[in-house]
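First up is the structure itself, then whatever we jot down about it.
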Amino acid sequence: MKNESHCSSTQVIPETGILPVHVAIIMDGNGRWAKKNGLPRIAGHKRGLESVRTVVKACVNKGIPYLTLFAFSSENWRRPPTEVHLLMELFANALESKAKKLNDNDVCLRVVGDTTRFSSKIRMLINRAENLTRDNEKLNLTVAANYGGRWDISQACQKICAEIRVGNINPDEVVEQDIKARLSTRFLPEPDLFIRTGGEKRISNFLLWQLAYTELYFTDTLWPEFDNEAFDRALRSFTKRQRRFGQTGDQVIGAQQIKNA
Ligand code: IPE
Ligand code: IPE
Ligand code: MG
């Protein structure tokens with residue numbers, strides 16, 4: 001995928017009634033789905049991969065070019081060691097078995113997060129899948145793994161500090177754009193639609209900076225049950241919203257009328 005520069009969505013007001021360009025999802029509820037079905041938690045995570053497939057396909061078919069999925073948070077290491085171990089195994093298997101399929105479907109895969117904490121095998125599989133799919137253009141699929149919004153902002157600040165030290169940046173002139181350009185998601189436009197499944201109404205340290213003006217959608221549907229219909233419901237909810245970015249509703253309608261005239 002070519003590196004494109006996108007205007008920050010807090011500066012450019014997109015049209016109302018159209019599909020989102022970038023959808024970001026917290027895939028939550030795997031454990032509860034497993035419990036409800038009398039299965040071990042890992043069965044819920046495995047089943048969750050089916051929903052990943054559904055949503056990836058749907059984005060490809062609908063022409064939604066950016067999809068970001070929260071797969072493992074920087075706080076998820078606090079889970080029982082066996083669950084963490086099984087999740088790592090699942091991640092490695094998925095990277096290994098799905099890379100070719102993603103490539104065949106013109107999907108560009110990227111992993112964001114502090115990958116230094118992963119095993120060398122997982123890091124190798126990430127590199128391999130990213131390199132294999134790097135020139136694909138149909139869908140930018142970003143997987144957030146060992147990701148934390150606070151980590152992302154902190155590592156961007158560290159990079160800025162390092163550049164200040166060598167004289168590349170004047171500390172008095174640091175602006176939003178300098179931080180944005182050093183986030184792990186710098187190659188993505190800001191998300192238009194955020195979806196969290198599983199009923200919780202929180203961000204759980206996902207894209208803290210990037211979600212500043214994202215439309216938020218929460219559903220009780222558990223991630224393994226999130227199907228095409230559930231995704232369509234989220235998209236319909238999005239298309240009905242008026243994004244104002246600080247302006248009044250009349251200003252937004254006026255600007256749209258001028259554009260469509
Ligand atoms: C989300 O499902 C997947 C990960 C965090 C890895 P959960 O495992 O959090 O499912 P619940 O919240 O326990 O149902
Ligand atoms: C958020 O889900 C992380 C992922 C889906 C990867 P959690 O289930 O870990 O979130 P909390 O702990 O309930 O906030
Ligand atoms: Mg959860």
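Is it the case that the range 22-41 has a residue that's part of a loop (DSSP other than H, G, I, E, B), farther than 21 Å from Lys121 by Cα and touching a Lys or Arg at 6+ places or on another chain (Cβ under 8 Å)?
Yes, some residue in the range 22-41 is part of a loop (DSSP other than H, G, I, E, B), farther than 21 Å from Lys121 by Cα and touching a Lys or Arg at 6+ places or on another chain (Cβ under 8 Å).
Output yes when any residue across the range 8-15 is away from ligand 3 (no atom under 16 Å from the Cβ), open to solvent by less than 40 Å² (accessible area, probe 1.4 Å), closer than 30 Å to Gly254 by Cα and modelled with pLDDT of 95 or more, and no when none is.
No; the residues of the range 8-15 include none that is away from ligand 3 (no atom under 16 Å from the Cβ), open to solvent by less than 40 Å² (accessible area, probe 1.4 Å), closer than 30 Å to Gly254 by Cα and modelled with pLDDT of 95 or more.
From the list Ile169, Ile160, which one is farther than 30 Å from Ala34 by Cα, in contact with a Lys or Arg (Cβ under 9 Å, 6 or more places away or on another chain) and surrounded by 15 or more Cβ atoms within 10 Å (Cβ to Cβ)?
The match here is Ile160.
Scan the range 63-80 and give yes if some residue there is assigned to a helix (DSSP H, G or I) and either at positive phi or among the small types (Gly, Ala, Ser) (or both), otherwise no.
No, the range 63-80 contains no residue that is assigned to a helix (DSSP H, G or I) and either at positive phi or among the small types (Gly, Ala, Ser) (or both).
Please verify whether the range 197-216 includes one or more residues that are under 15 Å from the mean Cα position of the chain (by Cα), aromatic (Phe, Trp, Tyr) and surrounded by fewer than 22 Cβ atoms within 10 Å (Cβ to Cβ).
Looking through the range 197-216, at least one residue is under 15 Å from the mean Cα position of the chain (by Cα), aromatic (Phe, Trp, Tyr) and surrounded by fewer than 22 Cβ atoms within 10 Å (Cβ to Cβ).
When only residues in the range 182-214 that are in contact with a strand residue (DSSP E or B) (Cβ under 6 Å, 6 or more places away or on another chain) and of a type in the set (D, E, K, R) count, which is farthest from ligand 2 (Cβ to nearest atom)?
Filtering the range 182-214 for residues that are in contact with a strand residue (DSSP E or B) (Cβ under 6 Å, 6 or more places away or on another chain) and of a type in the set (D, E, K, R), the one farthest from ligand 2 (Cβ to nearest atom) comes out as Asp192.
Answer yes or no: is there a residue in the range 69-76 that is away from ligand 3 (no atom under 16 Å from the Cβ) and either more than 26 Å from Leu222 (Cβ to Cβ) or surrounded by fewer than 20 Cβ atoms within 10 Å (Cβ to Cβ) (or both).
Scanning the range 69-76 turns up no residue that is away from ligand 3 (no atom under 16 Å from the Cβ) and either more than 26 Å from Leu222 (Cβ to Cβ) or surrounded by fewer than 20 Cβ atoms within 10 Å (Cβ to Cβ) (or both).
Please count how many residues of the range 184-229 are without any contact (Cβ under 8 Å) to a residue 24 or more places away in the chain and either within 28 Å of Lys35 (Cα to Cα) or of a type in the set (Ser, Thr, Tyr) (or both).
Residues flagged as without any contact (Cβ under 8 Å) to a residue 24 or more places away in the chain and either within 28 Å of Lys35 (Cα to Cα) or of a type in the set (Ser, Thr, Tyr) (or both) within the range 184-229 amount to 6.
Scan the range 77-91 and give yes if some residue there is within 25 Å of Arg236 (Cβ to Cβ), away from ligand 2 (no atom under 14 Å from the Cβ) and surrounded by fewer than 17 Cβ atoms within 10 Å (Cβ to Cβ), otherwise no.
Looking through the range 77-91, none of the residues is within 25 Å of Arg236 (Cβ to Cβ), away from ligand 2 (no atom under 14 Å from the Cβ) and surrounded by fewer than 17 Cβ atoms within 10 Å (Cβ to Cβ).
Those residues that are closer than 20 Å to Arg79 by Cβ and more than 11 Å from ligand 1 (Cβ to nearest atom), I need them from the range 26-42; list them, please.
Answer for the range 26-42, where residues must be closer than 20 Å to Arg79 by Cβ and more than 11 Å from ligand 1 (Cβ to nearest atom): Asn37, Leu39, Pro40.
State which residue is nearest to Leu216 (Cα to Cα) when the search covers only the range 243-261 and only residues that are part of a loop (DSSP other than H, G, I, E, B) and of a type in the set (Gly, Ala, Ser).
Across the range 243-261, the extreme among qualifying residues is Gly246.
Specify the residue that is least open to solvent (accessible area, probe 1.4 Å); the eligible residues are those in the range 43-68 that are within 20 Å of Ile203 (Cα to Cα) and within 8 Å of ligand 1 (Cβ to nearest atom).
For the range 43-68, the residue satisfying everything is Gly48.
Can you name the residue in the range 16-25 that is open to solvent by 10 Å² or more (accessible area, probe 1.4 Å) and aliphatic (A, V, I, L, M) and is also farthest from ligand 3 (Cβ to nearest atom) among such residues?
Ile18
The values are calculated or read from the model by the stated rules, or taken from the named source; none is laboratory data. These figures come from a predicted structure and were not determined experimentally. When we count neighbours, we look across all protein chains shown, and the Cβ atoms used for this are built from the backbone with ideal geometry, even at glycine. Accessible surface is based on the protein model in full, side chains and every heavy atom, while ligands, DNA and RNA are left aside. Shrake-Rupley method; radii C 1.70, N 1.55, O 1.52, S 1.80 Å.
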